[in-house]
Every structure is written in structure tokens, then in C-alpha cells.
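Q: Have a look at this one.
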Amino acid sequence: MSTDFQQERMRRWRLVLGGDSDATGQKLSGDDVGIDAALAALYAGAGAGGSGSRKGGLGGSAPNVARWLGDIRTYFPSTVVQVMQADAVDRLNLTRLLLEPEMLEAVEPDINLVGTLLSLNRVMPESTKETARQVVAKVVADLERRIAQQTRAAVTGALNRATRINRPKHRDIDWDRTIRANLAHYQPEYRTVIPQRLIGYGRRSTAVHRDVVLCIDQSGSMAASVVYSSVFAAVLASMRALRTSMVVFDTAVVDLTDKLADPVEVLFGTQLGGGTDINRAIAYSQGLISRPKDSIFVLISDLYEGGVRDEMLRRVAAMTAAGVQVIVLLALSDEGAPAYDHQNAAALAAMGVPAFACTPDAFPELMAAAIERRDLRSVIERLQPSG
């Protein structure tokens, strides 16, 4: 093992362990001193074996916090900065300081920060709201760039395939379905099919082909899902072939459909936290569905029901029986498998409505499958991470 490699290894261990008595014998210099101080301020007492070798802390001082936020952006990449900010909110109780505009201007905007700000919406002073809105708007714009094009492409393709025509132009012929529909007309002597009926893809029109209702649980644990759902709802609402509605709920139900032109307005219309009444939210959503066989209902919830469970399940059963395509997402986020009510998830699965977590990258394909009324079970199996 080379000397340089050994020294670099000891340097990294020194930064991980912190303190001067860590037995690495490694002295820090240059930027490493600042990196160590930034780590110590956040992870004080988190040394090896919980020995408390790190000394530090920000002491709840706004100037110290602002300086620290600047330091971590200097020393670490943005992905690490976002993790450290989230840890700071949890470990150092910095939530109160986020209500100060100066603090918000110093932080690295990310989806977790947006969730924290939305949870503070009711107590946020007017002097902070404009800065908070700018932070949220930046994150929303980043998310729209990530998902808008993929969503529009997947949904538009699905709508065109779902709206088939029987006298297509050559460029619109769906050859796979045309051949399948005309196998009875196979001519052995010519070794070909003579199609009697052509099947084509429908062309774009101004008609509304599908109604989509997004029903989103805004309890505190669903913060990231609320953010992603709001952006997706805004993208879907911009497509004229869809009629998109969005409601959010805790123990009350709020219809935010009229705000879908601006996802930032949607997010500030939410109130993260509180109880959960899924049955009441589904009852309201049923009133928005006038064409069951052309409707997609997406419930995004961890399924911890505080309302009437049996009635909730009966409502879902009634919707599916009427022809509504029902999708239940336990989460719409990058955070992995969430905590959820396994009993309610099993009851829904028994009705043929599987409940599962979905990443934002997989959501457009899921919606495309629902629009085409494909069997969602095979799509879900393919979209779920292995292992």
C-alpha cells in the first residue's frame, strides 16, 4: 500500500471521527480544517462509539447558522448539502430559524426544504412568505424540467393509441393490431395477410378523452409526495385531452383544481400535518367523476385511515365496479418504500387495486398504461425495484 494512499485513508478517517484524540495521528490543514469544523457543528457528539469526541454546535445563533450554511455550500456538493441541511433541521432544531428570510436566502433549495416550509405555512410571518415562495418556485421549476417532457410524451402517446380510427392514413396505421385483427384473411399462396380492416392510431384532437382526479393525503409524512403530485397535476392539467382535478385532504378536503395553472400556488394551498379522513376525500372525489369508464382516480396516501374504514373500502369497490381506473400510490417520491397501513393495502389488493410506492420517473408510464386501460399489475411489477 503506497504512502500517499495510506495518508489519504487516514485523512478521511480523521474527518469522519473528528476530535484530536482519534488515534489516527493525522493533522488537518487548509480546507480540511473548515470541513472538520462544519461537520463538528452539525454532528457534535457523533464520534466513534458515541464517545462525544466532536465538539461543536451552532447554538441557535442566526449569524452562526448563516455562516455554517455558506461553509457547507463551499466545501460539499449540492447533494451532500441537502442531506446536511435536512440533518440540521432534525438535530439542531433549526425550524424556527427557517422563518427568517435571511436564513432562507442562505439555504440550498430542495424538495425536503419545501416540505418543511409547507409545514410552517400557517405560522410563517408575512416578511418570510415571499422568500419562501421564491425557494419553492425554484424547486418546482427544477422538477418541471425533470418530468414535464417525459410526462407529456408518455401521456400523449397513450391518448393517441387509446383513440383508434378504422380508416387511418398510411402513416397512422397500427400494423401490429391490424395484422392481429386480420389473421383470418391470411393468403397461403401469397404468404401474406390481406387486411379487410385497418386499425390506426387516433390523431390529436381538442376533445377531452380522459378525466383524471388526483386525491392527495397531506399528512406530514406525505410531504415529498405532495410536492411531486402538485407538479405532475399541473403538467397533466396543461394537456387539453385530459380534464384534471386535484384535491388534498387531512380531516378536511380542499379542491385545488382552480390553481393548477401554477403549482407554486397549489403547494401554498396545502396544509401539511393533521389527521387523515380518506373516506371523506374519496366521497368528494366521487362527485367529480361524471364519466366512470373514461376516468382515472389516483389516491396518494399511506392509507392510515382516521375516518370510516369500511365505507372507504366500499367507495373504492363502487368506483372500480363503475369502470373507474383506480390507482393507489403509497408514495410518489424518490424516498423508497414508506410506512403504510398494511391491512388497508391488502384489502385494496383483494379488490384488484394494488397499493404500491411509485417514483416520479415511473409515474408517466403508469399514467400511460392507465389511459390505455392496460393491466396495471404487469406494469407495476416491471416498475418496482428488484430485491
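Q: Look at the stretch 290-306 and say how many of its residues are on the phi < 0 side of the Ramachandran plot and surrounded by 18 or more Cβ atoms within 10 Å (Cβ to Cβ). Write out each step before concluding.
A: Within the stretch 290-306, the first condition is being on the phi < 0 side of the Ramachandran plot, and the residues that meet it are 290-302, 304-306.
Filter again for surrounded by 18 or more Cβ atoms within 10 Å (Cβ to Cβ), leaving 294-302, 305.
Matching residues across the stretch 290-306 total 10.
Q: What's the number of the condition residue 83 fails, among (1) touching a residue at least 12 places away in the same chain (Cβ under 8 Å); (2) closer than 25 Å to residue 229 by Cα; (3) part of a helix (DSSP H, G or I)?
A: For residue 83, the exception is condition (1).
Q: I need the full set of residues from the stretch 337-387 which are without any contact (Cβ under 8 Å) to a residue 40 or more places away in the chain and polar (S, T, N, Q), in order please.
A: Selection gives 343, 359, 378, 384, 386.
Rundown of residues vs (1) part of a helix (DSSP H, G or I); (2) modelled with pLDDT of 90 or more; (3) crowded, with 21+ Cβ neighbours inside 10 Å, yes/no style:
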{"position": "214", "(1), (2), (3)": "no, yes, yes"}
{"position": "226", "(1), (2), (3)": "yes, yes, yes"}
{"position": "233", "(1), (2), (3)": "yes, yes, yes"}
{"position": "261", "(1), (2), (3)": "no, yes, no"}
{"position": "266", "(1), (2), (3)": "yes, yes, yes"}
{"position": "272", "(1), (2), (3)": "no, no, yes"}
{"position": "276", "(1), (2), (3)": "no, yes, yes"}
{"position": "282", "(1), (2), (3)": "yes, yes, yes"}
{"position": "288", "(1), (2), (3)": "no, yes, no"}
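Q: Additional query: Check the stretch 314-328 and report whether any residue there is of a type in the set (Lys, Arg), assigned to a loop (DSSP other than H, G, I, E, B) and touching a residue at least 12 places away in the same chain (Cβ under 8 Å).
A: Applying the first criterion (of a type in the set (Lys, Arg)) to the stretch 314-328 yields 314-315.
Narrowing the set further to residues that are assigned to a loop (DSSP other than H, G, I, E, B) leaves none.
Looking through the stretch 314-328, none of the residues is of a type in the set (Lys, Arg), assigned to a loop (DSSP other than H, G, I, E, B) and touching a residue at least 12 places away in the same chain (Cβ under 8 Å).
Q: Test residue 178 against the stated conditions and say whether it is buried (at least 16 other Cβ atoms within 10 Å of the Cβ), at pLDDT below 90 and farther than 24 Å from residue 263 by Cα. Step through it out loud before you land on a result.
A: Working: buried (at least 16 other Cβ atoms within 10 Å of the Cβ): yes; at pLDDT below 90: yes; farther than 24 Å from residue 263 by Cα: yes.
Against the criterion (buried (at least 16 other Cβ atoms within 10 Å of the Cβ), at pLDDT below 90 and farther than 24 Å from residue 263 by Cα), residue 178 qualifies.
Q: Please verify whether residue 80 is closer than 20 Å to residue 116 by Cβ, at pLDDT 80 or above and surrounded by 11 or more Cβ atoms within 10 Å (Cβ to Cβ), treating the condition exactly as stated. Please lay out each step first, then the result.
A: Numbers: closer than 20 Å to residue 116 by Cβ: yes; at pLDDT 80 or above: yes; surrounded by 11 or more Cβ atoms within 10 Å (Cβ to Cβ): yes.
Taking the combined requirement at face value, the residue satisfies it.
Q: Quick one: residue 295 ticks every box in (1) of a type outside the set (D, E, K, R); (2) more than 30 Å from residue 83 (Cα to Cα); (3) in contact with a helix residue (DSSP H, G or I) (Cβ under 7 Å, 6 or more places away or on another chain) except a single one, so which number is it?
A: (3)
Q: Which residue, of 197, 171, is outside the structural domain of residue 262 (by TED's automatic domain parsing), surrounded by fewer than 16 Cβ atoms within 10 Å (Cβ to Cβ), touching a Ser or Thr at 6+ places or on another chain (Cβ under 8 Å) and at pLDDT below 80? Quick ask: steps written out before the conclusion?
A: Working: 171 fails: touching a Ser or Thr at 6+ places or on another chain (Cβ under 8 Å).
Of the residues listed, the single one that is outside the structural domain of residue 262 (by TED's automatic domain parsing), surrounded by fewer than 16 Cβ atoms within 10 Å (Cβ to Cβ), touching a Ser or Thr at 6+ places or on another chain (Cβ under 8 Å) and at pLDDT below 80 is 197.
The values are calculated or read from the model by the stated rules, or taken from the named source; none is laboratory data. The structure displayed is predicted, hence computed values, not measured ones. A quick note on method: Cβ atoms are made from the backbone with ideal geometry, for glycine too, and the neighbour counts reach across all protein chains shown.
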